[in-house]
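Student: Okay, here's the structure, questions in a sec.
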Amino acid sequence: MTPAALISELRNIAGEAAVADDTDTLALMGADAHTAGCLPVVVIRPDSPAALSKCVALATGNGYSVAPRGGGLSYTGGYIPQNDSTMVVDTSGLNRILAINEQDMTITVECGVTWAQIYAALEPLGLRLPFFGTFSGAGATVGGGLSHGALFFGSARYGAAADIVVSLDVVLANGQILKTGQASLEAPNIPVFRSFGPDLTGLFVHDGGTLGIKSSATLRLIVKPTHTEFASFAFKDVVSASQALSEIARHDLPEEIFVLDPAETDDLQIDFESMARSATAVGKAAAGPLQSLRRLLSLAKAGTHVIPKGHYSLHMTMGGRQAAAVMDDLRRARKIAEQFGGVRVTPSIPMVARADLFANLNGIVKPSGSRWAAVNAKLAHSRSVPLIKAAEAMLDSFAARMAEHGVTCTRLVSAVFNHCFSYELVFHWHDEWLPIHRAAADPDYLQKIIEPAANHEARALVDELRQATVQLFAEFGAASNQIGRTYPYLSVMRPVPVALLKTIKQHLDPDNLMNPGVLEF
C-alpha cells in the first residue's frame, strides 16, 4: 500500500481530523527533546481504542512500522521513527478518565490522560494516586509514563508509575487488544488484582512501546494524606547529601526526597509574579490557617536565595493522616540529615513543588535559552557512593572540553521506595531548539528568550558525554527506567532472559514493526 493510500484509509477509519501528514506535525512527531529521527509517513490521533486497533492493524498489515508517543517530553529516542515508513500514534486523543471507583480504590483511564488530569479529578474526592506524577505532569501521559518509567511525586514511598498499575489494555502489533491482570478473565469483573498467575501487566511496563501500545490502564488509589511537612538541608558535597538521602529513605520517612546541584540553586531567582503565585499556592495547600500562615512566613523569609551558594541541597516531603506521626517522621529525618553534616534551610523548594503542582512545561528550555538532556541510573543504596565518585572522575576527564564548548553538568539524586537510589547527570548547552521545545513551553515564556544558534560541536560533545555515562552505568550494573534507544538492554542481559524476551517479541510482533529499535529489538 502506498503512503497516500494508507493515509486515505486511515482517514476512513479514524476520521479526517485524526490523521495528519503536514510538515510541521511530522517534524514535531519525528523528534523528541534531544534529537530528531526520520520523518514519519503519517501521524494519527485516534479518539478510541477501537480506532487505534484498526489503524495499527492496517499499518502493520501493510509493512509500516508503528511508534507510540505520549507527551513527547522524553530524550532517549523511545518514540523517534527509526525508518521513513513509520506511522506515529499520538495518544493524546485517548484522554478520558473512564471510571473512578471509590469503593474499590481504583481509577481507570485512557493512556493519553495526563498526571495533572488525574490529580485534578481525584482532589475533590480526597483521593490520590500513590505515585501521582512527574514534574512534567501537565503534559506527560499515563501511557508514556508506564512505557518509560515515570517517577517523582510520591516515589520515595510508593515507587514509580509501574508500581501502581493493576491492569492494562494493550493494542498489539496485529491490532488485537490484550487485557492483563484480573481484567483478562472471561467473567465480568472489576480489576483489582494484578498478579493473577504470571504478571502479564509487568511485561508491558517499561517496554518503551515495543511490545504494544497501551490504550487504557487501571491504577491504584489511596486516601490523600491530610498532613504534609517539609524539610531542606544544605550540604557541602554531593556524597554527604546522597548518604543522608539514602539513610532517610531506608527508614521509609518521606514521600519524596531529592538532592539538587548548586548550579540549579545558586542563581535561583523568582520574579514577583512567580513569588505571588507560589505564595498563594502554598497557602492553599496548607491543612489549616495556622499552618498556612507558618508556611507563608517561611516562604517570605527565604526570599529568593534559599540555599547557600556552592552547596548541594536535600529536600523532602513527609505526608500522613496524623499530624503527630508526620512530625515524628520529620524529626527523625532532620536528625539523620544533621548526622551527615546537613544544615537546615527554609524548605521553600519542596513546599512550592507540592503547592504549585504541574504548573507548566517551561522547564524544557532554561531561561538562558539552553537545552538539556539527562542520563540516569537506578541501583542499590550501597553502590551509590562508588558510582558518584566514578562519575565525578569521568566528568573531570571531560572538563576542559566541556568548558571549551560551554557544556555544563548538574546532578539530581532521588530515592525510589526505600531500597533504590536514583542518580542522574543532566547536561546543559546552548543549541537550536527542536520542535518540542517550541510546542511544550508557554509562548509568553519563550518570547522572553532568544533561541540560540545551532551548536553542532557542543551537541556532539553532549552525545559523547551521554554515551560515556551510559557505559559507566552499565559497568555498575545499574538499571534505567527510560531505556528507549539510548541505554543498552538486550546486549547487557544474561542469555536466558534474552532468549525468553526475544521469543515473546517474536510472538507478539513477528515482523518487528512495533517501535523497532527500542530495547535493542
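Every number here is computed from the coordinates shown, using simple stated rules; none is lab data. Here the structure is a predicted model, which is why all the values come from computation and not from measurement. Here Cβ is always computed from backbone atoms with ideal geometry, including for glycine, and neighbour counts include all displayed protein chains.
Student: In nm, what is the difference between 0.36 nm times the number of residues separating ASN12 and GLN322 and their Cα-Cα distance? Spell out each step's value before the answer.
Tutor: Values: separation 310, 0.36 × 310 = 111.60 nm, distance 5.62 nm.
Computed gain between ASN12 and GLN322 is 106.0 nm.
Student: Next question, about the same structure. Given a cut-off of under 8 Å on Cα pairs at least six residues apart, what relative contact order in percent is computed for the chain?
Tutor: That works out to 17 percent.
Student: If you take the beta carbon distance between ALA50 and ASP444 as r and set R0 to 51 Å, what does 1/(1 + (r/R0)^6) give as a FRET efficiency, to the nearest 0.05? Could you put the intermediate results ahead of the total?
Tutor: On the way: r = 39 Å, r/R0 = 0.76.
Working from the Cβ atoms, E equals 0.85.
Student: Still on this structure, I have one more. Rounding to the nearest 10 and keeping the result within 0 to 90°, find how far the Cα-based axis of helix 323-339 lies from the longest principal axis of the chain.
Tutor: 80 degrees
Student: Separate question: Taking the alpha-carbon distance from LYS378 and a cut-off under 30 Å, which lysines remain once sequence neighbours fewer than 8 residues away in the same chain are dropped?
Tutor: Once the sequence-local lysines are set aside, what remains near LYS378 is LYS179, LYS214, LYS224, LYS236, LYS309, LYS335, LYS366, LYS389, LYS502, LYS505.
Student: Using only C-alpha positions, report the orientation-averaged shadow area of the convex hull of region 19-178, nm², one decimal.
Tutor: 9.5 nm²
Student: Taking 8 Å as the Cα distance limit and 6 or more residues as the minimum spacing, I'd like the relative contact order of region 362-482 as a percentage.
Tutor: Taking the mean separation of contacting Cα pairs over the length of region 362-482, I get 38 percent.
Student: Here's a follow-up. Just report the Cα centroid separation between region 404-455 and region 335-364, whole Å.
Tutor: 19 Å
Student: Once fully extended, how much extra length lies between THR226 and VAL192, figured as 0.36 nm per residue of separation less the alpha-carbon to alpha-carbon distance? It would help to have the intermediate numbers written out before the result.
Tutor: Numbers: separation 34, 0.36 × 34 = 12.24 nm, distance 2.49 nm.
9.8 nm is the gain from fully extending THR226 to VAL192.
Student: How large is the charge dipole for the chain, taken about the Cα centre, if only the Cβ atoms of Lys, Arg (+1) and Asp, Glu (-1) carry charge, to the nearest 20 debye?
Tutor: I would put it at about 1460 debye.
Student: Also: Placing one identical point scatterer on every Cα of the chain and ignoring solvent, what is log10 I(q)/I(0) from the Debye formula at q = 0.07, 0.08, 0.13 Å⁻¹?
Tutor: The computed values of log10 I(q)/I(0) come out as -0.38, -0.50, -1.40.
Student: Toward the positive end of the charge dipole of the chain, about the Cα centre and with charges on Cβ (Lys, Arg +1; Asp, Glu -1), which of GLY144, GLY342, VAL170 goes farthest?
Tutor: Working it through, the farthest residue towards the positive pole turns out to be GLY342.
Student: Run the quick spin-label model on ALA5 and ASP104: label points 7 Å from Cα toward the beta carbon, then report their separation in nm to one decimal.
Tutor: 4.5 nm
Student: Using the Cα centre of region 401-521 as origin and beta-carbon charges of +1 (Lys, Arg) and -1 (Asp, Glu), tell me which of PHE417, PRO495, PRO443 is placed farthest towards the positive end of the dipole.
Tutor: The residue sitting most towards the positive pole is PRO495.
Student: In the calculated pair distance distribution of region 1-107, what percentage of Cα-Cα distances lie above 24 Å?
Tutor: Numbers: 1460 of 5671 pairs.
Tail of the P(r) past 24 Å holds 26 percent of the pairs.
Student: What relative contact order, as a whole-number percentage, does region 156-219 give when Cα pairs under 8 Å and 6 or more residues apart are counted?
Tutor: 41 percent
Student: Further, regarding this structure: So if I place +1 on the C-beta of Lys and Arg and -1 on the C-beta of Asp and Glu, and nothing else carries charge, what would the dipole magnitude of region 3-93 be about its Cα centre? I want it in debye, nearest 20.
Tutor: Numbers: 4 positive and 9 negative charges, 48 e Å.
Here the size comes out at about 240 debye.
Student: In straight Cα distance, which aspartates and glutamates are under 17 Å from LYS448, not counting same-chain residues fewer than 8 positions off?
Tutor: Answer for LYS448, where 17 Å is the Cα cut-off: ASP271, GLU273, ASP431, GLU432, listed by chain and number.
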